[in-house]
Every structure is written in C-alpha cells, then in structure tokens.
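For reference, the structure discussed in these notes is given below.
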Amino acid sequence: MFVLGLFIGALGCVLAIKANLGVAPWDTFHIGLQKTFGLTIGIWSQIVGLAVIFSSYLIAKIKPTFGMFLNMVCFGSFLDFILWLDVVPELTSLWSQLAMFLLGLVVMNIGIGMYLSPRLGAGPRDSFMLAMNERLGWSIQKVRLIIEVTVLIAGAALGGPVSIGTVLIALLTGPMIQRTIPFWQSVMKKQYGLLEPIERRAS
C-alpha cells in the first residue's frame, strides 16, 4: 500500500507537471533546480529530501525512519521513471490542460492517502514541518505556509513553474487528503485487519 501509493502520487505529480498550469511549491523548487543545475526532477526531489531529513534531525532531533528514506527514494525514482516513459502527452488546449491538471490533483491525493494510511512514517518534508513547529512553537498551519511560500519563491527564482494550478493545489490538497486517508485506512482495516480508521479513533 505504501509503495503503490507513492507510485500513484508520482503519476499524479507528472500529470500536473505535463498540464503546464503550475505545480505544488516543492515541485516548483525541484523543477527550478533541474532547469538551473541539470540532473532530473526526481533526483532533485531525492537530494532535497535527504537535506530536509538531516535538517529535521539537527533542528528538533527527529530521527530518520525507514519510511522516510523509502518515501524519498521511491517517489523520486517513480517520478523520473514515469517522465522517462513519456506516456503523458503535453496538451495545448486550455480546457484539456485544466482537465489533465484536475485529474492529476485527484490521482496525487489518492496516492498520498494510500501511502500515509499504513503509517510507516511521514515524508521528509512533513517531518521538517514538524521540526520547525517544535523548535519555533508556531502552529502547523503557519509553519507549513512559511515553508511552502519560501520554497515557492526560491523555485520561481530558479525558473520553476508558478500558475493558477499552484493556488489550486494549495487550496484543495488539505480537504482532499482528509477524505482519502480515512478511506484507505478503512480499506486496510477491512481487507487485512490493520489499523483503526481515523474517524473511529476520533470518536
């Protein structure tokens, strides 16, 4: 479930990239690094992920987990593999681009829900967010906003894409994840007898 979720999340990310309507702030940063320094988007995702993992440890002593490294390695590898296959076309019509972007957003959040459901560990960037929250004492929402605005500005300065899609991702990702995680936890509970769905634990 964890690895399949990462693959599906990477596919959604590629759909959003190919739609050319903007991507998530971290992806803007990775694409900007790729355009400026070469290498691939997936490799930069892994390099940045590794730097973030160690930053989290230095800032708040959040110890790296197997899940963090698996997340970092698999997602970047899947991203490059799907881009290398070149199975997702680049569209020119605005409506077709919008349709592909929205499809990518849905697929991405399905994948996020899948890989978070087994609770094998948060990704490097989520761990960094928690580290900053612990060190600064700010709310998660405030820390996330500051981090994502910072990497968005840095990515845009490096030539990464910023457009309406970036805003849509920021607005819609949270509400969509709140629905996909409980769904996949329910599936795992029903099929494998694993985990307790979020809504039951909260009641």
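The values are calculated or read from the model by the stated rules, or taken from the named source; none is laboratory data. What you see is a predicted model, and the numbers here were worked out from it, not measured in a lab. As a convention, Cβ positions derive from the backbone with ideal geometry for all residues, glycine included, and neighbour counts pool all protein chains shown. Please note that ligands, DNA and RNA were not included when accessible areas were found on the heavy atoms of the full protein model with its side chains. Shrake-Rupley method; radii C 1.70, N 1.55, O 1.52, S 1.80 Å.
Of all residues in region 107-140, those that are in a helix (DSSP H, G or I) and within 16 Å of the chain's Cα centre (by Cα) total 17. Could you please let me know if THR92 is within 17 Å of ILE17 (Cβ to Cβ) and either among the charged types (D, E, K, R) or surrounded by fewer than 16 Cβ atoms within 10 Å (Cβ to Cβ) (or both)? Taking the combined requirement at face value, the residue satisfies it. Select from region 30-63 the residues that are in a loop (DSSP other than H, G, I, E, B) and free of Cβ contacts under 8 Å to residues at least 12 places away in the same chain and write down the one among them that is most open to solvent (accessible area, probe 1.4 Å). Within region 30-63, the match that is most open to solvent (accessible area, probe 1.4 Å) is LYS63.
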